[in-house]
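The values are calculated or read from the model by the stated rules, or taken from the named source; none is laboratory data. Note that this is a predicted model, so its numbers are computed, not measured. Methodologically, a virtual Cβ is constructed for each residue, glycine included, from the backbone with ideal geometry; neighbour enumeration extends over all protein chains shown.
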């Protein structure tokens, strides 16, 4: 199905963009050969990763009392315009439906770029009393952003999959607490499942979600590209949307008040981040918890012992499945063992197990780790060690990515130094007075942009000067190129 040369022909370090596209295509995560650019097919292997993400995340959401629902994909233009700042922020990316059959529609309908407007229209009908709060609703769906920039599978698509959570609260304090709890939830998803470290940054006023009180985003880092990659966001929307859509409630004293709201989301961009951060020159490297197949068992057949070897490989596979491991036994006889090794390495399977006559004689199996290439031997009587190896691979991938993120951050006090750091594919930790004019100057002169201020950890700029104007700095900020 992948076609052409099986292996990756571009180096991640030397040509990241071409390497990334090769990994996505040849690893059979995505097929871009569709009639509409930017609307790609997520293939079964790629969708298998998304399923692991959705299962893990959905469980955490439900533990927090979040309920799933589904809202229409078509949003009337008049509804989208009800919150002016929000509408202005999304207008360039909206795809419009203007005709049905042979008839012109009386009003343009937007293919949802996000669902605040349609959901909050409904929330205004559902919320009447403090007894209806907090309201926590999530939907797993697709959205459309008509990107004018060059599209890239998972990282920048015109149609993509995501979850969007929307909550309604009685007070600002409750909305702030919701933001903090969702940050903890997303950290679990990114760190424990995807093995991705991230900076938790409050975006600047110029970069926050349109209509929000404030926005917090998770940025991971791709050293080879020298770019930050946003993998999730949490927004405190304040009362802006509540006032626009009339989301009001009667409090315990019978007083009518506007509600406070939050929204939060992750998307299939997270798959792209996993591939970009963990992959190497042989292809994808998947953390075991997101891998559709965690262990591939390959029989090493010799003439006269084919049936016996395949039988043993199948037996090993079944035993691992009973331990909760996702296993594929590749007993196809039309491919050589070497071809299979390369094939499954390209797809990122965390652990390969080889079963050959010599292994059977020694009463065990040979394994090869995808993350380190390390090989070893496990006795059949100690097959449960495979589970421990998978856990170690998961932990090692996070540790390795965290090290690379830490090494990618450099603290600097002069604008020319920041510019140099960005050119060397680094994240510059520097100081800012808070003036939007200085923020714009940083962007113009360095090629990077302020990604934000660390959220909630007390990092301060005491005694430092703004990297642009030299005035007293108010914030420690992180500057980087981004996707």
Do we find a residue being farther than 20 Å from residue 57 by Cα, in a helix (DSSP H, G or I) and out of contact with any strand residue (DSSP E or B) (no Cβ under 9 Å at 6 or more places or on another chain) anywhere in region 158-173? no
Given the structure, is residue 409 surrounded by fewer than 18 Cβ atoms within 10 Å (Cβ to Cβ) and touching a residue at least 40 places away in the same chain (Cβ under 8 Å)? yes
Being part of a loop (DSSP other than H, G, I, E, B) and either modelled with pLDDT of 95 or more or closer than 27 Å to residue 281 by Cα (or both) narrows it down to one residue among 55, 51, 18, 14; which is it? 14
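Would you mind stating whether residue 299 is more than 25 Å from the chain's Cα centre (by Cα) and buried (at least 24 other Cβ atoms within 10 Å of the Cβ)?
On the way: more than 25 Å from the chain's Cα centre (by Cα): yes; buried (at least 24 other Cβ atoms within 10 Å of the Cβ): yes.
In short, yes.
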Given (1) under 31 Å from the mean Cα position of the chain (by Cα); (2) surrounded by 19 or more Cβ atoms within 10 Å (Cβ to Cβ), identify the lone condition not met by residue 321. (2)
In this structure, is residue 36 more than 29 Å from residue 425 (Cβ to Cβ) and either at pLDDT below 95 or surrounded by fewer than 17 Cβ atoms within 10 Å (Cβ to Cβ) (or both)? yes
Scan the strands (runs of 3 or more DSSP E) fully inside region 409-483 and keep the ones with 2 or more residues being under 25 Å from residue 214 (Cα atoms) and in contact with a helix residue (DSSP H, G or I) (Cβ under 9 Å, 6 or more places away or on another chain). 427-432, 449-454, 475-482
Return yes or no: is residue 265 touching a strand residue (DSSP E or B) at 6+ places or on another chain (Cβ under 9 Å), surrounded by fewer than 23 Cβ atoms within 10 Å (Cβ to Cβ), assigned by TED's automatic domain parsing to the domain that holds residue 47 and at positive phi? no
Hey, among 328, 256, which residue is more than 30 Å from residue 231 (Cα to Cα) and either surrounded by fewer than 19 Cβ atoms within 10 Å (Cβ to Cβ) or not assigned by TED's automatic domain parsing to the domain that holds residue 179 (or both)? 256
Within region 347-361, restricting to residues that are at pLDDT 95 or above and over 13 Å from residue 293 (Cα atoms), the one that is surrounded by the fewest Cβ atoms within 10 Å (Cβ to Cβ) is 354
Search result, residues across region 47-60 that are crowded, with 19+ Cβ neighbours inside 10 Å and either in contact with a helix residue (DSSP H, G or I) (Cβ under 6 Å, 6 or more places away or on another chain) or closer than 29 Å to residue 122 by Cβ (or both): 49, 50, 53, 57
Set 229, 201: member being surrounded by fewer than 23 Cβ atoms within 10 Å (Cβ to Cβ), farther than 23 Å from residue 136 by Cα and out of contact with any helix residue (DSSP H, G or I) (no Cβ under 7 Å at 6 or more places or on another chain): 201
Has region 81-102 got any residue that is touching a strand residue (DSSP E or B) at 6+ places or on another chain (Cβ under 8 Å), under 19 Å from residue 166 (Cα atoms), assigned by TED's automatic domain parsing to the domain that holds residue 246 and at pLDDT below 95? no
One residue is enough: does region 272-291 have a residue meeting the conditions in contact (Cβ under 8 Å) with a residue 24 or more places away in the chain, surrounded by fewer than 24 Cβ atoms within 10 Å (Cβ to Cβ) and touching a strand residue (DSSP E or B) at 6+ places or on another chain (Cβ under 7 Å)? no
Any chance residue 192 is assigned to a helix (DSSP H, G or I) and farther than 22 Å from residue 239 by Cα: yes
So is residue 41 crowded, with 19+ Cβ neighbours inside 10 Å and within 23 Å of residue 150 (Cα to Cα) or not? no
May I ask you to list the residues in region 116-148 that are assigned to a loop (DSSP other than H, G, I, E, B), out of contact with any strand residue (DSSP E or B) (no Cβ under 6 Å at 6 or more places or on another chain) and either at pLDDT below 95 or closer than 13 Å to residue 79 by Cα (or both)? 145, 148
